[in-house]
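Shown next, in C-alpha cells, is the structure this report addresses.
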Amino acid sequence: MMHLGTDDKITRKGRLLRPVISIGICIAMAIPMTGCTLGGKKAASDTVPADAPYYAVKELDFYTLAKDESAYIVSMTPCGDQLAVLIQVSSNGGIVPYAATSESISVSNSDLTAETAASDPVDTTGDTTAAAGDSGSTDAADIITSATDTKSIADLGDYSMKYIVLLYDITGTKTAEIDLSKVLGANDSVTSMSVTADGNFVILVQSFDSVTYAASNKLYTFDSSGKMTGDPLTLHFSDSNFYPYQMTTDASGSMYFGGYGTDSGMVVVLDKQGNTQYEVKNSSLNGNLFNVNGVIYADGYSTEGTDNKYFLYPIDAAKENHLGDPIDVSKVLMGSAPFAGKDGLYVNSGSGIYSYDLNTMEKKSVLLWKDTDIDKGVYSYSTPVILSSDVIFLQGSTYSATTSETKLAMLTRQKENPNVGKKILKVAGINISWDTTMQSEVYKFNTTSEDYRIEVVDYAEDFDYTSMKTVEDYLTAYSDMNKKIYMEILAGNGPDIIYGSGDMSFSMYQSKGLLTDLYTFMDKDTSFKKDAYIPSILKLCETDGHLYKFPTSFTIQGFAGAKSVIGDRTGWTVDEFNAMVNSLPSDVMPIANYTQPALLTASLNASMAAFVDVTTGKVNFDSEEFRQLLDLAKTYGTVDNGDINNGDNNVDEWTLVQNGKLALMSSMISDPTSYDQMATLFGEDVSIVGFPSSTKAGPICSANFSFAISSQSPNQDGAWNFVKDFLSEDSQNKMLDSGWGIPVMTSVFEKQIDRAMNPDVNNGGGPIVYKDMYIGGGSEPMSEASAQAYRDLINSLDTLMDSDQEILSIVMEEVPAYFNGQKTDKAVSALIQNRVQTLVNERQ
Amino acid sequence: MTHTAFLTPSLAGVMLFFFLPLIMIAYNSTMKSALNNEFVGLKNYTDVLNNKAFLLAGRNTLLFSALAVPLAVILALLLALLLNTNLPGRSWFRSIFLNPMMVPVASIVLIWQVVFSFNGTLNSFLGGFGLDKIDWMKSDWSRLVILLLFLWKNLGYNMVLFLSALNNVPAELLDSAKIDGANSVKRFTHVSLVYLSPTIFFVGIMSLINSFKIFREVYLLTGNYPYDALYLLQHFMNNAFRDLDYQKLSSAAIIMCVVMIIIVGTLFLAESRIGKDVEE
C-alpha cells in the first residue's frame, strides 16, 4: 500500500479546488449577466408609500375686493408666530380714489369680520381722522371703521391706492386687517415690510413730490396688533438718488436698506434712530438683502470672462468695505429667486421648496410639491413664507383675459397621507414644472382620481445655467436631458407620460418602440371621441397610421401676403417664389428679417422629406432643388454676423407692409385674431403660404406641447386617463382662456373663432381682441369670410415641423462657405450630400 | 495549488472586466432591443453587415490600417537604420522624432486645423502660387492628411523600438557574414531582419492598434459625420452609442472583435514561423 506524500496531497487538493474556483468565477460572471434581463418594462407600478409626508391645503380668507378693484401682495413676512401680508389695492384702471383727504380708512382687526370688512370695500372709506404722518400712536380700536361710515367710490378724492396689512395666525385665521391709508399720504407707496427683533413690523414708505419729483423715505413702525408706535422716522441717505426697495433689521436694531444708488447697487445701514452707520457701495450689488439667522447678506452678480457668477456678501461692519468674503452660490441659486429663512436660504423650485445651508451648501427639501395637492397653476410663482417646517404660506394668482385674482393658501403637514397606496404616474419633460396649464391638470387629476397620483418630473430641474455659454451648450444640454429620459425608460424608471414642448424630439423614443399608439386607446375608449379633434392635425401627427404623440395646441408659421400679389395658394416652389419677386416693383422687398441660415433652416424644416427619404435612405441634397434653396437663402436672407443681438437690426415689417414696401410678412398664427390681423394689415384677402420648396409645402404646423405615453408604462390606462383629461373640452377651454395657441378640439377651435367674431373686450369671459393693436384703429370683429378662410387654412395644413437637428447642423456647418462666396453651390451641396448620406445610411 | 491561487485574482479580473463584458455584448447582440429581450439570432449582425455606413466604415478602417501600418513599420525601420549610422546630430534627431509623442492630442488637432482647414496656412501658401484652395479635410485628400498625422505621431516611437532591436543584433554574426562576403543588403536581409522580426511583429501590432486609435484625432478634427473617406468604424460605434442603439453597437463590436482576432492571429502565425527560423 502506497502512502501519499505531501506533494501528492497538495496536488489532490488542487484538483478539488480548481473546479470550485472555476465554478465560483462562472457564478461571479453570471450574476452581473442577470442585469441583461433587468430594466425595460416595469414589473409593477410604484405606489405612494405609507410614510410619504402630506400637506393639507387651506385657502385663506383674503381681502375681498370691490368691483373694479384689484389687489396684489407686496410682501409677506413671518411676524412672531403670525404671518404679515402687505397688500396693495387699486382699481383696475390703476387709480382708486379712496379718500378725499389723507384721512381715511383703517379697517379692521378680528373684531370686524373679514366678510364685513371686505364685503364692500368700496364703502370702507370712513371717518377716520388721523392724517398721514400724525404723530403719536394710533390705537387699533381707533381705526376700526364701520362699513356704514363709508362713501361711494365716486365720492372719494384723490387717493390713488391703499395699502393693507393682513395678519394671520398659525391656524390660517385672519386676525387683523390693518389699513394703512390713515397714515399714508396720497403720493406714498410702500416698498417693503420687515419685522424687527422685538416683534414689531416696520414699513418703508416712499413719497414723491409731485412738483419736484424728489423722493423721501419714511419708516412706520407697528406693533403686532396693528398699533402704530411712535412717529414715522424720516430717513436721510447721503446719495439722493438712492432708492431702497428692500429692508431688514438685525438683533441690535440696525436697519439695512438695499437698492440702487447713483452709480451702483447700495446697502445703507442705519441705527434705530435713523443715523447712518455706514454705506456699502459695490457695482456688483443687486440691492437684495437676506437675513439669515441675524446675518445680513447682500447679493450681487459679476462676470468673470464668460462666466456669470452669483454671490452673497455678508454685511460686516468690521470689514474695510463692510462686505465679508463672498459666497459663490452660482451653481445652486443662479436663476432662482432665493428668499431667507431660519434654515438659511430657500428656493421655490419646480419640484418643491428647498433650503440651502450657506456654510455647507447642503440642500434639504422642505416641501415637495408631489406631497401636497395644490393647484400649481395658481400658486407657482410665489415666494412662500416658511412659518415652521409644518406650516407654509403661499401666494398665488389666477389670470384670465379680463380678470386676475390674488390668492393666499396655507399648507399644513398632516399625520396621515390620504393618498397612500395610490399608483404613481410620472409625467416627465423638460422645463415643464412651470407649465401652469399642465400643473392645473395635474391638480385636478390628483384630487379626483381614486387610483392614481401624478408626479411631475422635470428633467431641467437641476440644470446648471452657469455652464451654458452658447446656444450649442443649450442644445447639448437639451439633448442630454432627452437621453436621460430615454435611459431611465430603459432602466425601468422612466416616465409613464412624456410631455414635450414643440421642439422636443419624440422621434428617438418612437424609433426605439418606446411610445404607445394613442389610437389604440382612442379606439377602445368609448368616452373619447376622436372625431372631435381637427382631422388635419390628427393626420399630421400620424406616423404610418399610428399616433404616437398628440398636441394640446399648435401654432402656424409661414408668410402672409396679399392674394393680389402672391395668389391664392398655401405653398410654392422656388421658381414660383422668384416669379412673384420679379413681379414686384423695385422698391418692394419680398421678405425681411430673415438671416440666410434662418431662411434656409425654415425652408428645410418645411421640406426635409424632399431631401431625405428615411425609408429608402436616399439623400437628395446634391440636387438642383437644394441648390435653389441655397440660392434663395443667399439672395433674400440677410448676412448672419453671428452676433446674438442680430435681431436688434430687424426692420419693422408692420410698417413696411403698411407702406407697401414689403410683400410677405413673416407670420406666426396662434389664434384667429392673429390671422385676421394679417388681412387687416394688408387691407385685402391674404394667403398664408409656406416656405418655398420643391414639394410646395404649406405653412408649418408646430405643436406647442405634445403628449406621448411610454410603451413601458405598467399603468397605461391610468396614463391615458390623464392624457384624455388634458384633451377634454374643459381643459381645452381653460387653455383657450389663459393660454396661447390654437386648440386641437374642433368645438373649442370654433369657440375661439366665435370669440374673434364676437369680441367682448370688457367682460364676459371672452378674450380681449387686440386685432389692430399694432396698426391703430379700433377693434373689429372677425368677418365670416375671414373665419372661413382661417378654417380652410387649418384644414389644409400639410406640413408638420420636422426639425432634424443632426442634418441641419451638417447643413449649417457647410453653407456659410457658399453664403460668403468661398465655395460654389455645387461644391457645398455635394459636400452636404456626402456627409448627410453617411448619417442617413447609419440610421438605416 | 499554489500557482492556481496566484493565478486566480488576475484570472478573475480578466474574466470580470474583459470576458464578462464580451459575453454581455454578445448576449445583447442577439436580442431584439434593449427593452425587448426577444432572441433574434443573427439578425442584428445581418442588419449591421448590410448597413452601408458600417461597410463604408469597415472599408475605410481597413484601408487606412493597410496603408498606415506598413508605412509606419517600414519608415520607422528606415529611420532607425539611418540613425543607427554615424549620422552627425543623430541624438538630436532621435529626440525630435520622439517629440510628437509628448504633444497632447488637442494641440495636435489644433495644429492640423490651422494648417489644413479651408482657410488654413497651407491653402494660403498655395494661394501665393496662384493655386486653387483645396478642402483638405473634406475631400479625398483627407485620407492623406490623416495618414500624415498618423505617421508624424507614431514614427518616433517605432523608430526607438527598432533602434533598440538593432543594437541587439549580434555583431559577430554581422562580422562573420561580412567576412563571408555578404554585402550590406544581404547582411541586413539575412541577418538583421531575421533578428528584427519579433520587433517588427511587435511594432506592427502596436501600429495596428494605434491605427485604430486615429479615430480620436479624426473625431476631434471632423466630428461625428466627417467626409465619407474619413468615416471609421469607431464613428459608427460611437454614434450608435450616442444614440443608445445597443444592438447595433454590440453587433458591430463583436464583428470588429472577430476581424481583429483574425488579423492578430494571422500576425501571430506569421511571427511564430519567422521566429522559428530565428531559433533554428
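The values are calculated or read from the model by the stated rules, or taken from the named source; none is laboratory data. Note that the structure is predicted; figures quoted are calculated from it, not measured. Counting neighbours? That spans all protein chains shown, and the Cβs are built from the backbone with ideal geometry, glycine included. We work out accessible area using only protein heavy atoms, side chains counted, and drop any ligands, DNA or RNA first. Shrake-Rupley method; radii C 1.70, N 1.55, O 1.52, S 1.80 Å.
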Next on the checklist: Testing residue B:23 on (1) under 22 Å from the mean Cα position of the chain (by Cα); (2) of a type in the set (A, V, I, L, M); (3) within 11 Å of chain A (Cβ to nearest Cβ); (4) open to solvent by 60 Å² or more (accessible area, probe 1.4 Å), one condition comes back false. Which one is that?
Outcome noted: (1)
Checklist outcome for this item: Considering region A:641-659, residues that are open to solvent by 80 Å² or more (accessible area, probe 1.4 Å) and assigned to a helix (DSSP H, G or I), and then whichever is modelled with the highest pLDDT, we arrive at A:658
Item to check | Among residues of region A:422-452, those that are open to solvent by 10 Å² or more (accessible area, probe 1.4 Å) and in a strand (DSSP E or B), counted | outcome: 4
Checklist entry - Of the residues that make up region A:222-242, is at least one on the phi > 0 side of the Ramachandran plot and surrounded by 15 or more Cβ atoms within 10 Å (Cβ to Cβ)? => result yes
Checklist entry - For residues in region B:111-122 being surrounded by fewer than 14 Cβ atoms within 10 Å (Cβ to Cβ) and of a type in the set (S, T, N, Q), which is farthest from residue B:154 (Cα to Cα)? => result B:119
Next on the checklist: When you scan region A:771-784, do you find a residue that is within 25 Å of residue A:692 (Cβ to Cβ), of a type outside the set (Gly, Ala, Ser) and modelled with pLDDT under 90, even just one?
Outcome noted: no
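Each row is one residue, and each column tells you yes or no for (1) closer than 30 Å to residue B:188 by Cα; (2) free of Cβ contacts under 8 Å to residues at least 24 places away in the same chain; (3) more than 14 Å from chain A (Cβ to nearest Cβ).
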site: B:53; (1), (2), (3): no, no, no
site: B:56; (1), (2), (3): no, no, no
site: B:70; (1), (2), (3): yes, yes, yes
site: B:76; (1), (2), (3): yes, no, yes
site: B:82; (1), (2), (3): yes, yes, yes
site: B:86; (1), (2), (3): yes, yes, yes
site: B:93; (1), (2), (3): yes, yes, yes
site: B:99; (1), (2), (3): yes, no, yes
site: B:108; (1), (2), (3): no, no, yes
Checklist outcome for this item: When region B:29-43 is checked residue by residue, the ones that are more than 7 Å from chain A (Cβ to nearest Cβ) and closer than 15 Å to residue B:241 by Cβ are B:29
Checklist outcome for this item: (1) within 22 Å of residue B:57 (Cα to Cα); (2) over 20 Å from the mean Cα position of the chain (by Cα); (3) not small (Gly, Ala, Ser) all hold for residue B:149 apart from (2)
Checklist entry - Scanning for something under 22 Å from the mean Cα position of the chain (by Cα) and at pLDDT 80 or above, does region A:508-518 turn up at least one residue? => result no
Checklist entry - Yes or no: residue B:153 closer than 19 Å to residue B:70 by Cα and assigned to a helix (DSSP H, G or I)? => result yes
Checklist entry - Are there any pairs, at least 6 apart or on different chains, whose C-beta atoms fall under 6 Å, with the first in region A:833-844 and within 7 Å of another protein chain (Cβ to nearest Cβ) and the second basic (Lys, Arg), and if so, which? => result A:841/B:52
Next on the checklist: Just to be sure I understand the filter: pairs with C-beta atoms under 7 Å, separated by 6 or more residues or on different chains, first member in region A:186-201 and free of Cβ contacts under 8 Å to residues at least 12 places away in the same chain, second member assigned to a strand (DSSP E or B). Which pairs pass?
Outcome noted: none
Checklist entry - Quick one: would you say residue A:262 is within 24 Å of residue A:316 (Cα to Cα) and either open to solvent by less than 70 Å² (accessible area, probe 1.4 Å) or β-branched (Val, Ile, Thr) (or both)? => result yes
Checklist entry - Given (1) open to solvent by 10 Å² or more (accessible area, probe 1.4 Å); (2) of a type in the set (A, V, I, L, M, F, W, C); (3) away from chain B (no Cβ under 14 Å), where does residue A:491 come up short, assuming only one miss? => result (3)
Next on the checklist: Would you confirm whether or not region A:691-705 contains a residue that is touching a residue at least 24 places away in the same chain (Cβ under 8 Å), open to solvent by 10 Å² or more (accessible area, probe 1.4 Å) and more than 30 Å from residue A:656 (Cα to Cα)?
Outcome noted: yes
Checklist entry - Taking residue B:186, is it among the basic types (Lys, Arg) and closer than 24 Å to residue B:77 by Cα? => result yes
Next on the checklist: So in region A:820-832, with the set limited to residues that are surrounded by fewer than 20 Cβ atoms within 10 Å (Cβ to Cβ) and not hydroxyl-bearing (Ser, Thr, Tyr), which one is farthest from the other protein chains (Cβ to nearest Cβ)?
Outcome noted: A:825
Checklist entry - Given region A:508-590, what helices (runs of 4 or more DSSP H) lie entirely inside it while holding 2 or more residues that are closer than 24 Å to residue B:33 by Cα? => result A:518-524
Next on the checklist: Going residue by residue through region A:591-609, is there one that turns out to be in a loop (DSSP other than H, G, I, E, B), without any contact (Cβ under 8 Å) to a residue 40 or more places away in the chain and either closer than 30 Å to residue A:652 by Cβ or open to solvent by 30 Å² or more (accessible area, probe 1.4 Å) (or both)?
Outcome noted: no
Item to check | Residues located in region B:133-162, provided they are polar (S, T, N, Q) and within 14 Å of chain A (Cβ to nearest Cβ) | outcome: B:139, B:142
Checklist outcome for this item: Filter region A:273-325 for residues that are among the charged types (D, E, K, R) and outside any strand (DSSP E or B); the one that is most open to solvent (accessible area, probe 1.4 Å) is A:320
